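The values are calculated or read from the model by the stated rules, or taken from the named source; none is laboratory data. Computed from a prediction, not measured in an experiment: that's the story for all the values here. Note: ideal-geometry Cβ built from the backbone for every residue, glycine included; neighbour counts use all protein chains shown.
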There are 2 protein chains.
Amino acid sequence: LPPSAGEGSPTAYVVTVGNELLIGRTVNTNAAWLGRRLTLLGFRVVRMITVPDDVGEIASAVREGLERARVVVTTGGLGPTYDDVTLQGVAEALGRRLVLNREALEMVKRFYERLDGVLTEERVKMAMLPEGAKPLRNPVGAAPGALVECGGRIIASLPGVPREMEAMFLEEVEPVLRRIAPPVSIVECGLTVKGVPESLLAPHVKRAARVGGSVYVKSHPRGSEAGAPVVEVKVLASAPSRAEALNVAREALRIVGEGARSLGGEVVEEDCS
Amino acid sequence: LPPSAGEGSPTAYVVTVGNELLIGRTVNTNAAWLGRRLTLLGFRVVRMITVPDDVGEIASAVREGLERARVVVTTGGLGPTYDDVTLQGVAEALGRRLVLNREALEMVKRFYERLDGVLTEERVKMAMLPEGAKPLRNPVGAAPGALVECGGRIIASLPGVPREMEAMFLEEVEPVLRRIAPPVSIVECGLTVKGVPESLLAPHVKRAARVGGSVYVKSHPRGSEAGAPVVEVKVLASAPSRAEALNVAREALRIVGEGARSLGGEVVEEDCS
């Protein structure tokens, strides 16, 4: 069972574009941020792919996402430089042309009016969107995003700069996704076990994962397995109401906690969120 | 051109396994660390994929990596819990069975002798490797890694805990990769431009990227495009010798720096590494 608001939840792909990610210059915080938001909205993120600034590679990842998921979110590659080619890749995946979008051009114009009012070739390029795309307002920077709805699927292309990406997702994309998000509440709880190695806690984690309902339990070793073991256990539960989700999550935690104490472990519980 | 030690460089895939990555609980620092090491070794990382703790999903990502790259590195999913299933996925991708590896079992045994000497089912499970795999010593934790060489390709499976993954890569995997790494030197240089928006710097970045040789130039906006723009420019160059790589990288930087100054920008150069 993948991380889940349940097997029937709408699925999502996250496609992060940028050579800087592949050469390890930049840590992919965007993928984590989007994974969290999408999960809390009730989507099941089934895969994240990082590709270079290359039209063919971007198109192949987006095409895969469209085949396997309801929602594809891309980040990066919307800017003014020669290697910002994400929307070309999205257009290719959709079999559409890249066209100058009037509304996007207005956004770009308004942005640069504050600066020098000049519309260079590189700036106009940021208003070239796949045919039929809706431009997404960038509340922070220059490059508009793009939203395409196609065959019941949604592709949202956001900038790579984290605060631009986050603002655009919250203001422009979440309202659209909420329309197809399932009516579930997601609850996350955790506890920390000290003094029990993960390998001995494992059977209890497994039992907790079978508590029923849509629950996901995972242990993360933090200390050293031998010596001073510290294990964090996270539970993610979803249910039609928050109260039900809390019940399931707490029952799973109770099983792990009891198991840990029976092995002589010290248990510190966290609040649920 | 993907980030590159040249078009002819051996290619690599990074497959990171773990629901915690997909739900955004953990930021994927392992992918960045591996991307950097592989790049500096002269490999071209063509794609990174994050998949859930699911045998079929892991197998599909590894299979894709084997079709498209010379080296596939996986992280995560080697531990003792019910959802640590990476080696099952690797075995499935290779069409091999998962078998108890004697050498790996010795490693696990030795590790737990320091603790309580008990070999539970969950601990023995960590010694189940794909048939024909070579176990990789874990200098930090309990779970051995696995290395499979198959049809000229290499699959290395490492733990998800960063310090275990890093130690195992450096001690056990790098020596193997160096045998197929190209005889090139990779140099990275950078500069920071203040006072010029990225959109105006873009033509100069493009010119620098065409300086010839195997060079890759990318600009990263840090300030705001309007107002107080700050742009970081990174250059990655590879050549048969470090001196040649430095020459190419510095020429690319010179072009960007000159362009920035001609636009009234302030340029701060970084050392090359």
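Among the residues of region A:221-239, write down those that are assigned to a strand (DSSP E or B) and either at the interface with chain B (Cβ under 7 Å from one of its Cβ atoms) or charged (D, E, K, R) (or both).
Correct list: A:221, A:232, A:234, A:236.
If you go through region A:27-56, how many residues are surrounded by fewer than 20 Cβ atoms within 10 Å (Cβ to Cβ), without any contact (Cβ under 8 Å) to a residue 24 or more places away in the chain and either more than 7 Å from chain B (Cβ to nearest Cβ) or not charged (D, E, K, R) (or both)?
Residues meeting the conditions: 1.
Would you mind finding the one in B:94, B:129 that is under 27 Å from the mean Cα position of the chain (by Cα) and either buried (at least 24 other Cβ atoms within 10 Å of the Cβ) or polar (S, T, N, Q) (or both)?
B:129
In the list A:153, A:96, which residue meets the criterion of being over 21 Å from residue B:225 (Cα atoms), charged (D, E, K, R), out of contact with any helix residue (DSSP H, G or I) (no Cβ under 7 Å at 6 or more places or on another chain) and at pLDDT 95 or above?
A:96
Tell me whether region A:141-158 contains one or more residues that are polar (S, T, N, Q), within 23 Å of residue A:69 (Cβ to Cβ) and touching a strand residue (DSSP E or B) at 6+ places or on another chain (Cβ under 7 Å).
Checked against the condition, which is being polar (S, T, N, Q), within 23 Å of residue A:69 (Cβ to Cβ) and touching a strand residue (DSSP E or B) at 6+ places or on another chain (Cβ under 7 Å), region A:141-158 yields at least one hit.
Of the residues B:180, B:186, B:154, only one is within 14 Å of chain A (Cβ to nearest Cβ) and within 18 Å of the chain's Cα centre (by Cα); which?
B:186
Within region A:66-75, work out how many residues are assigned to a helix (DSSP H, G or I) and away from chain B (no Cβ under 13 Å).
Adding up the residues that qualify gives 1.
Name every residue in region B:76-113 that is assigned to a helix (DSSP H, G or I) and among the hydrophobic types (A, V, I, L, M, F, W, C), in order of residue number.
Within region B:76-113, B:87, B:90, B:91, B:93, B:94, B:104, B:105, B:107, B:108, B:111 meet the criteria.
Does residue A:76 count as touching a residue at least 24 places away in the same chain (Cβ under 8 Å), farther than 19 Å from residue A:166 by Cα and in contact with a strand residue (DSSP E or B) (Cβ under 6 Å, 6 or more places away or on another chain)?
It is false that residue A:76 is touching a residue at least 24 places away in the same chain (Cβ under 8 Å), farther than 19 Å from residue A:166 by Cα and in contact with a strand residue (DSSP E or B) (Cβ under 6 Å, 6 or more places away or on another chain).
Of A:263, A:246, A:191, A:253, which residue is among the hydrophobic types (A, V, I, L, M, F, W, C) and within 12 Å of another protein chain (Cβ to nearest Cβ)?
After applying the criteria, what remains is A:263.
For region A:151-171, how many residues are under 16 Å from residue A:90 (Cβ atoms), surrounded by 15 or more Cβ atoms within 10 Å (Cβ to Cβ) and not β-branched (Val, Ile, Thr)?
8
Could you list, in sequence order, the residues of region A:189-205 that are in a helix (DSSP H, G or I), more than 26 Å from the chain's Cα centre (by Cα) and either of a type outside the set (Ser, Thr, Tyr) or over 12 Å from residue B:120 (Cβ atoms) (or both)?
Those that are in a helix (DSSP H, G or I), more than 26 Å from the chain's Cα centre (by Cα) and either of a type outside the set (Ser, Thr, Tyr) or over 12 Å from residue B:120 (Cβ atoms) (or both): A:198, A:200, A:201, A:202, A:203, A:204.
What tally of residues in region B:159-177 results from selecting those that are touching a strand residue (DSSP E or B) at 6+ places or on another chain (Cβ under 7 Å), within 14 Å of chain A (Cβ to nearest Cβ) and in a helix (DSSP H, G or I)?
2
Which one of A:197, A:203 is buried (at least 24 other Cβ atoms within 10 Å of the Cβ) and within 11 Å of chain B (Cβ to nearest Cβ)?
A:197
Of the conditions (1) under 22 Å from residue B:24 (Cα atoms); (2) in contact with a helix residue (DSSP H, G or I) (Cβ under 9 Å, 6 or more places away or on another chain), residue A:232 satisfies every one except a single condition; which number is it?
Result: residue A:232 passes all but (2).
Taking region A:210-229 as the search range and keeping residues that are crowded, with 21+ Cβ neighbours inside 10 Å and under 25 Å from residue B:111 (Cβ atoms), which one is modelled with the lowest pLDDT?
Among residues in region A:210-229 that are crowded, with 21+ Cβ neighbours inside 10 Å and under 25 Å from residue B:111 (Cβ atoms), the one modelled with the lowest pLDDT is A:225.
Which one of the conditions (1) touching a residue at least 40 places away in the same chain (Cβ under 8 Å); (2) under 21 Å from residue B:87 (Cβ atoms); (3) within 14 Å of chain A (Cβ to nearest Cβ); (4) of a type outside the set (Asp, Glu) does residue B:209 fail to meet, given that it meets all the rest?
Of (1) touching a residue at least 40 places away in the same chain (Cβ under 8 Å); (2) under 21 Å from residue B:87 (Cβ atoms); (3) within 14 Å of chain A (Cβ to nearest Cβ); (4) of a type outside the set (Asp, Glu), only one is false for residue B:209: (2).
Return the residues of region A:108-126 that are closer than 15 Å to residue A:98 by Cβ, of a type in the set (A, V, I, L, M, F, W, C) and surrounded by fewer than 23 Cβ atoms within 10 Å (Cβ to Cβ); say none if nothing qualifies.
Scanning region A:108-126 gives a single hit, A:124.
Exactly one of these conditions fails for residue B:105: (1) in contact (Cβ under 8 Å) with a residue 24 or more places away in the chain; (2) within 19 Å of residue A:197 (Cβ to Cβ); (3) among the aliphatic types (A, V, I, L, M). Give me its number.
(1)
For residue B:81, work out the one condition from (1) buried (at least 24 other Cβ atoms within 10 Å of the Cβ); (2) at the interface with another protein chain (Cβ under 7 Å from one of its Cβ atoms); (3) within 17 Å of the chain's Cα centre (by Cα) it doesn't fulfil.
Unmet for residue B:81, out of (1) buried (at least 24 other Cβ atoms within 10 Å of the Cβ); (2) at the interface with another protein chain (Cβ under 7 Å from one of its Cβ atoms); (3) within 17 Å of the chain's Cα centre (by Cα): (3).
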